[in-house]
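The values are calculated or read from the model by the stated rules, or taken from the named source; none is laboratory data. Predicted, not measured: the structure shown is a model, and the values here were computed from it. Don't worry about glycine lacking a Cβ; one is built from the backbone with ideal geometry, like all the others, and counts go over all protein chains shown.
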Amino acid sequence: MTAQHEASVAALIASVLNIPTAAVGSDASMDSLPEWDSLAQLNICLAFQEHFNVAMDMETIAESTSVTSLAALLPD
Amino acid sequence: MRTLLLSNTNMQPLVAFLKPWEVVCGEFNSMLLDLSNPESPAASAEYGRILCLFDSDSLLGDAFHGEGAPEQCETFLAALDRFCATHPDKNVMANTFCFGTGRYLNFADLLHPQSLHTTEAKLNGRLIEMAHAHPNLLLVDFDLLFRRHGEDALLADSFWYLGRIRYSNLMFRSLAAMLHQAFDAYVGQSRKVLILDLDNTLWGGILGEVGSNGIALSEDGAGRCYRDFQRAIRALQRTGVLLAISSKNNATDLEEVFASNSMMVLRRNDFVSIRANWDPKPENILSIAETLNLGVDSFVFLDDNPVERDLVRTALPGVAVPEFPVRAEKLLSWFLREVVPAWFGKYNITAEDLAKTQQYRMNEERQCLSRSLDLDTFLVNLKIECTTHVDPVEQINRIAQMTQKTNQFNLTTRRYQIPEIQRFLDSPEYSVLLLEYKDRFGSEGSVGLAILNFRESRIDTFLMSCRVIGRKVEDRILAKAYELFRERGINRIMGEFLPTCKNQQVANFYGSHGFTLVAEEADGRKIYERFIS
């Protein structure tokens, strides 16, 4: 389930950043992708909220800056 | 045309949803400055469309009850007004004021003389006045979005405090769709004809099985879904959309429904063309197109049957074929929220729109007469009366609409928006001629348009509505054009033909009206001249 979540989160991030899906691995994060800056983080979280129907508070938005941490927010 | 997005909040997430528009965001919170500064990017020629999407609550600032609209709202309205006036060539799109539901005075707000409600209504009244004064200002109603989706779904508090982003992606998505649809409506890019299936579309059940009084169509119970749907279609028809039927049914069964089912909202006369038979639907749709003299890309087809929808989509890709709701109770809201704004959006309703069905029906009667007579006798019999108006400012909406919608009898197919038409009407270097047509069957309204460029001695635009093609009235507008050129001492005038995939029928128009071909370009463009004495 985790791997599946990570794959769908990575695909969503790629579409928001407008880069190929292959460029976003399960280990990708704000530190590893140059396109993933602080404004992109907000865009990713807006898309994440809508796509997975998960509400994010300020703290979660600030901390969930990697594929794994975002995927961890999804129910099993 | 590039688009500049101005706001008092962070609206950057909207940019991706606005594709294919090419949108650039202004500096953060630069809206007021950009609108007022003549050196700002908004004022530069680089941007043809300016989006002013402001957050009302932020403009309200710390204002409290009894203080009315704060100065910032006034400053914004004044800046917007001045910007629209000084840039008549730019399209400006702005939202209406829409305050959040948090109220300083909560329950006392409603009765308070300076309530938020009152303030909002006053401010919006000012915006609406402004939109009447400036045809280049296009307003979108935020209240519609908030009523439909609700504040909880559209606002994004955590993003607001982290990055000054006010809205959720649902808002950005819905707002982008609304801006696209409003702009299409504004430039008159809406479709003209709604083609309807019958069984399980206009009523419930199969007519051939249950008979004209067995179909589900009633004021109570499930049949009300279809009756309400028909009411909405009738309302749409009154905005100028033509209705037609393509249905696998016996024509006599359908006549029986029209004659005997009192629950039908739509009557026989509301339809300009009916095909109730067993032929494939794409063939029927093509034959409707031929009867109405319109291309299928101005058609929208509604049918509950996925096989029929697919058949039409494949055979006639120009026809818009939306999915159809599975549940009958969704018919009305689906039609009003999705079908109408996507394909039949209107920003202005002209007198022609209101009388459209009537005009097409008169055309049918004229066709009956023409079949029984030779052309010249027919034309004499019609008792045609034409009036040509020069620079009729009050018809500006109709003029822009004609340049946007006329495809077949259109020599140059130059699409103009209201601000451009305004420039032609105001400038002594141009004249706009509008031909009004009337005959013994009734008035067709404004059917012919010419835009003359005196500086270049050139006919910039020449078009006729397909409704009057073949009645030789184009000669009357040409005669008036010659007269205006002559008054200005011009005796050599130029005409152009710019080929498109739809205007082949007028390829030789100037050639057959006393013009001489002087140049033909590789792209098929032809230049003509004519000497008038």
**Q.** Unique residue being surrounded by 20 or more Cβ atoms within 10 Å (Cβ to Cβ) and either under 30 Å from B:Ile396 (Cβ atoms) or among the hydroxyl-bearing types (Ser, Thr, Tyr) (or both) when the list is B:Gly188, B:Gly163
**A.** B:Gly188
Q | Number of the condition not met by B:Asn348 [criteria: (1) polar (S, T, N, Q); (2) touching a Ser or Thr at 6+ places or on another chain (Cβ under 8 Å); (3) assigned to a loop (DSSP other than H, G, I, E, B)] | A | (2)
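Conditions (1) surrounded by fewer than 18 Cβ atoms within 10 Å (Cβ to Cβ); (2) at pLDDT below 85; (3) within 22 Å of B:Arg234 (Cβ to Cβ), marked per residue:
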residue: B:Lys330; (1), (2), (3): yes, no, yes
residue: B:Glu352; (1), (2), (3): no, yes, yes
residue: B:Thr357; (1), (2), (3): no, yes, yes
residue: B:Thr377; (1), (2), (3): yes, yes, no
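Here's the yes/no breakdown for (1) on the phi > 0 side of the Ramachandran plot; (2) crowded, with 18+ Cβ neighbours inside 10 Å; (3) small (Gly, Ala, Ser):
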{"site": "A:Val9", "(1), (2), (3)": "no, yes, no"}
{"site": "A:Pro34", "(1), (2), (3)": "no, no, no"}
{"site": "A:Cys45", "(1), (2), (3)": "no, yes, no"}
{"site": "A:Ala55", "(1), (2), (3)": "no, no, yes"}
Q. Within the range B:126-149, is there a residue that is over 28 Å from the mean Cα position of the chain (by Cα) and away from every other protein chain (no Cβ under 14 Å)?
A. no
Q: Looking at (1) more than 19 Å from B:Cys73 (Cβ to Cβ); (2) touching a strand residue (DSSP E or B) at 6+ places or on another chain (Cβ under 9 Å), find the lone condition where B:Arg147 falls short.
A: (2)
Q) Can you tell me which residue in the range B:408-447 is nearest to B:Gln505 (Cα to Cα), limited to those that are among the small types (Gly, Ala, Ser) and within 19 Å of the chain's Cα centre (by Cα)? A) B:Ser446
Q. Within the range B:386-396, is even one residue of a type in the set (D, E, K, R) and touching an Asp or Glu at 6+ places or on another chain (Cβ under 8 Å)?
A. no
Q: Return the total of residues in the range B:111-127 being touching a residue at least 12 places away in the same chain (Cβ under 8 Å) and assigned to a helix (DSSP H, G or I).
A: 8
Q. Do any helices (runs of 4 or more DSSP H) lying entirely in the range B:151-253 carry at least 3 residues that are within 14 Å of chain A (Cβ to nearest Cβ), and which ones are they?
A. B:151-154, B:157-163, B:169-186
Q. All but one of (1) among the β-branched types (Val, Ile, Thr); (2) under 22 Å from B:Glu364 (Cβ atoms); (3) out of contact with any helix residue (DSSP H, G or I) (no Cβ under 8 Å at 6 or more places or on another chain) hold for B:Val307; which doesn't?
A. (2)
Q: Would you confirm whether any residue within the range B:195-204 is out of contact with any Cys (no Cβ under 7 Å at 6 or more places or on another chain) and without any contact (Cβ under 8 Å) to a residue 12 or more places away in the chain?
A: no
Q. Which condition number does B:Val265 fail, the rest of (1) more than 20 Å from B:Gln189 (Cα to Cα); (2) in a helix (DSSP H, G or I); (3) under 28 Å from the mean Cα position of the chain (by Cα) being met?
A. (2)
(Q) I'm told B:Leu4 meets every condition in (1) in contact with a Lys or Arg (Cβ under 8 Å, 6 or more places away or on another chain); (2) crowded, with 20+ Cβ neighbours inside 10 Å; (3) modelled with pLDDT under 95 except one. Can you identify the failing condition by its number? (A) (3)
Q) Only one residue in A:Ile13, A:Ile44 is in contact with a helix residue (DSSP H, G or I) (Cβ under 7 Å, 6 or more places away or on another chain), in contact (Cβ under 8 Å) with a residue 40 or more places away in the chain and within 14 Å of chain B (Cβ to nearest Cβ), so which one is that? A) A:Ile13
Q | Qualifying residue in the range B:246-263 (condition: closer than 20 Å to B:Glu365 by Cα and not acidic (Asp, Glu)) | A | no
Q: Return only the number of the condition from (1) closer than 24 Å to B:Asn407 by Cβ; (2) surrounded by fewer than 19 Cβ atoms within 10 Å (Cβ to Cβ) that B:Phe301 does not satisfy.
A: (2)
Q: Please indicate, with yes or no, whether at least one residue in the range B:128-140 is surrounded by 17 or more Cβ atoms within 10 Å (Cβ to Cβ), under 30 Å from B:Leu243 (Cβ atoms) and in contact with a Phe, Trp or Tyr (Cβ under 7 Å, 6 or more places away or on another chain).
A: yes
Q) For the range B:433-533, which strands (runs of 3 or more DSSP E) that fit wholly inside it have 2 or more residues that are closer than 12 Å to B:Leu411 by Cα? A) B:442-453, B:458-464, B:492-497, B:526-531
Q. Give me the pairs: first residue in the range B:210-237 and under 23 Å from B:Val272 (Cβ atoms), second residue of a type in the set (Ser, Thr, Tyr) and not in a helix (DSSP H, G or I), beta-carbon distance under 8 Å, and six or more apart or on different chains, which are they?
A. B:Arg227/B:Ser218
Q. More than 14 Å from every other protein chain (Cβ to nearest Cβ), buried (at least 17 other Cβ atoms within 10 Å of the Cβ) and in a strand (DSSP E or B) - does that describe any residue in the range B:28-46?
A. no
